[in-house]
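Below: one structure, written as structure tokens.
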Amino acid sequence: MTQKEKKTASKQNNEMVQNDDVGAPSPLDNDPFVSDADDSSYEDSSAEEDDDYSFDSESESQDAEDAVSTGDDDDDDDTSQDEDIANNKDSGNESSDINQDNTNDQDGGSESSDFHEGGGIESDSSEDEVAPRNTVGDVPLKWYEDEPHIGYDIKGKKIKRKEKQDKLGSFLANVDDSKNWRKVYDEYNDEEVELTKDEIKMVRRLLKNRAPHPDFDPYPDYVDWFKWDDAKHPLSNAPEPKRRFIPSKWEAKKVVKYVRAIRKGLITFDKPKEEDGPYLLWGDDSSSIEKSKHLAYIPAPKQKIPGHEESYNPPLEYIPTQEEINSYQLMYEEDRPKFIPKRFTSMRSIPAYENAMKECFERCLDLYLCPRVRRKRLNIDPESLKPKLPSRKELKPYPITCYIEYKGHEDVVTSISVEASGQWMASGSSDGTVRVWEVETGRCLRKWEVGEAVNCVAWNPLPGVHILAVSVGQDVLLLNTYLGDEEEQKKIKELLQVDPSTATDESENKAISVSWLQDDKHAGIRLRHFKTVTSVEWHRKGDYFSTVMPAGESRAVLIHQLSKKLTQKLPFKLHGLAVRSTFHPSHSIFFVCTKKSVRVYDLLKAKLIKKLDTGLREASSIAIHPGGDNVIVGSKEGKMCWFDMDLSSKPYKILKCHPKDINNVVFHRSYPLFASCSDDGTAYIFHGMVYSDLNQNPLIVPLEILRGHTSSNGRGILDCKFHPRQPWLFTAGADKLIKLYCH
């Protein structure tokens, strides 16, 4: 910058300072929300700010000029030296002027401070800004809530907290102060801050969603960067494409698509709302066809017309005697008469109704809090809600009446089993005997004395192998029933022959604590276990059978092979107390029923397939459908759970039929029947049809309740089995009887 330019700049600055001293009009003077009494104070503060701004701008211009002068080329060294000398002279003059102005400002500052002490407004310039009183730092102020100070000064002394006025005193002071609306309490510095006019204007602009600065233009003029007056060529000389003049085929397809959707009703338009017209407020529009949006008029229920009883002087026959009044007190409140007639000599002697105000108030509440609404009543026949089941005549045959009673046991009959052909039946009792019966005649063919109570008997499922498995205490006896021809007997005797060398040398059997012994007394085999055996189940091929010992822990369920005289335990953890076990009717799948769940294992792959959660308190029995996909579990709380293994691990149906413990559940091999027996002395027959269509659920229909056994010592029917070929049911009860129910 040349010396001449600097002189003109300094002259302009001096003129601006003079204008400010005279009192230039402020842009805040036209504010209608600011009173005229405050204009003088704001004019002084704005003048001081303008003075400070002029000096600061001048010093900044000097710095910029020095920076520009240092950046010149080396060819102008002589001229730059001359300019620097001139600049130094000018800067010396200017600095002297600045010093004078500073002295004037100091005097003005003293005047302003005196004016502040006299009751004026403090200056708003940056030089007069006071350092914040709070020297705590960036910490939560709630730490100093219970302290009398609010921080520390430079010398380490506590900065006392200002004493706050009471609410009444602060309210009276604010009423008298006309500038109270400008004050804001600064909690961090513990003082009140008064907003200036500029700050108020800025806040008002922000409340109106405007820019805080008035000189900001939200809509500047558009600058077309690609257009100028001297342009000779356009940006693109390409001809207009043909698609701008031909209708779009894609848009036509889209329009056709929308039209078809509207015709089909896939796209619907909102209908214009119809305004409600006048209607009769108290009229009866119950017969009107048009449905209005307002509440329909519903007449109030008509009360009974008062008769002789409500009269103030009723006939004597309507007035109850004292005995009748006393009898009313003994009746239920809903049956007690609401009004008792009384007799008065005149209307004047009738007392006021004591509940008049209360009932009037409740009636008013009902009128405006509980408006009557018309509700459509559904006329549904209760019979239609019942599931449609086929009639019992269509589901025949099934066992109905008792045909034969098998007598001979001297104590409770605990278990029964039917031979594969259906000609013979075996039974075990607590009297220590095992008997074989002829089914059609009821004649006892054979009897074995085993010495202890029999827990379970199970017949080999193969027709030509007449071997009976009997669990007695800790032993399982394999008995020869001596039925069949000579060839079958020869084969049976070979199976029931135990080699002494194999029985003593089997290390695996010793580890499992099961020994295969020859029983010469009963001409069979004795398997000695280490705990009491409660149930025995045969595999469909007749070579394997399983035993359950509830107290055996990890060795509770064992699988034995008759041909090789081997015993092995399950390679799985049972996770519960085992109750029953059974084999799948067609696959190498094994079911173990514990008290809480049923675990399904694959014996070939040696892994757990599924876990069925019964949700019962304690399971007692299990039966597998001949198809293999449905399972029934009975419990000691009288419930039966039907599981569809393809559907879920939760019960498909839970049948609550017996009031006491269920002892056994069983499926029929060929008929769609299943049964349950309980300690209540009854046996329930159900129709259970399983369909090959996976989309159709099994049909379960209760058919018959078989009674006839008497309870003894709290026990009823302990076991039940179906005939393998006929729809007959055998039941064994605590009354020492075995009954056959036929269709």
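Mind running the shape call on the range 616-743? Use the C-alpha gyration tensor, a ≥ b ≥ c as the square roots of the eigenvalues: rounded below 1.5 for a/c, prolate if a/b tops b/c, oblate otherwise.
In terms of gyration-tensor shape, oblate.
Show the residues, 5+ positions off or on another chain, whose built amide H is closer than 5 Å to the amide H of Ile404.
Leu740
Can you give me the distance in nm between label points at Ser236 and Phe269, each placed 7 Å from the Cα along the Cα-to-Cβ direction?
So the two model labels end up 3.7 nm from each other.
With θ set to phi - 60°, apply the Karplus curve 6.51 cos²θ - 1.76 cosθ + 1.60 along the range 707-712 and write out the HN-Hα couplings as whole Hz, x wherever there is a Gly or Pro.
Values per residue, Gly and Pro as x: 10, x, 7, 9, 7, 9 Hz.
Contour minus end-to-end for Phe339 and Lys167, with contour as 0.36 nm per residue of separation and end-to-end as the Cα-Cα distance?
Extending this stretch completely gives an extra 55.7 nm.
Using a 1.4 angstrom probe on the protein heavy atoms only, line up Met549, Met347, Met645 by accessible area, largest first.
Ranking Met549, Met347, Met645 by accessible area, largest first, yields Met347, Met645, Met549.
Within the range 316-363, list the GluC sites (Glu not before Pro) lying in a DSSP loop whose Cβ has at most 12 other Cβ atoms in a 10 Å radius.
Passing both the DSSP loop test and the Cβ count: Glu333, Glu334, Glu354.
Could you state how much accessible area Phe269 has, in square angstrom rounded to the nearest 10, with a 1.4 Å probe and all protein chains kept in place?
About 140 Å², ignoring ligands and nucleic acids.
Arg528: accessible area at probe 1.4 Å, nearest 10 Å²?
Solvent-accessible area, nearest 10 Å²: 110 Å².
Ordering Trp437, Trp448 by accessible area with a probe of 1.4 Å, largest first, what comes out?
The most accessible residue leads, giving Trp448, Trp437.
Per-residue HN-Hα couplings for the range 331-345, Karplus 6.51 cos²θ - 1.76 cosθ + 1.60 at θ = phi - 60°, whole Hz, x for Gly and Pro?
7, 5, 5, 6, 8, 6, x, 6, 10, 10, x, 10, 10, 10, 6
What's the local net charge at Leu694, with K and R +1, D and E -1, over the other residues with C-beta under 13 Å away?
My count for the surroundings of Leu694 gives -4.
Leu445 to Tyr403: extension gain in nm, 0.36 nm per residue of separation minus the Cα-Cα distance?
13.2 nm
Arrange the residues Lys736, Lys197 by how much accessible surface each exposes, largest first, with a 1.4 angstrom probe. Spell out each step's value before the answer.
Working: Lys736 90, Lys197 0 Å².
Greatest to least solvent exposure: Lys736, Lys197.
The values are calculated or read from the model by the stated rules, or taken from the named source; none is laboratory data. All figures in this text were calculated on a predicted structure; none of them were measured in a lab. Note that we place each Cβ from the backbone using ideal geometry, even for glycine, and neighbour counts take in every protein chain shown. Surface areas here come from the heavy atoms of the whole protein model, side chains and all, with no ligands, DNA or RNA. Shrake-Rupley method; radii C 1.70, N 1.55, O 1.52, S 1.80 Å.
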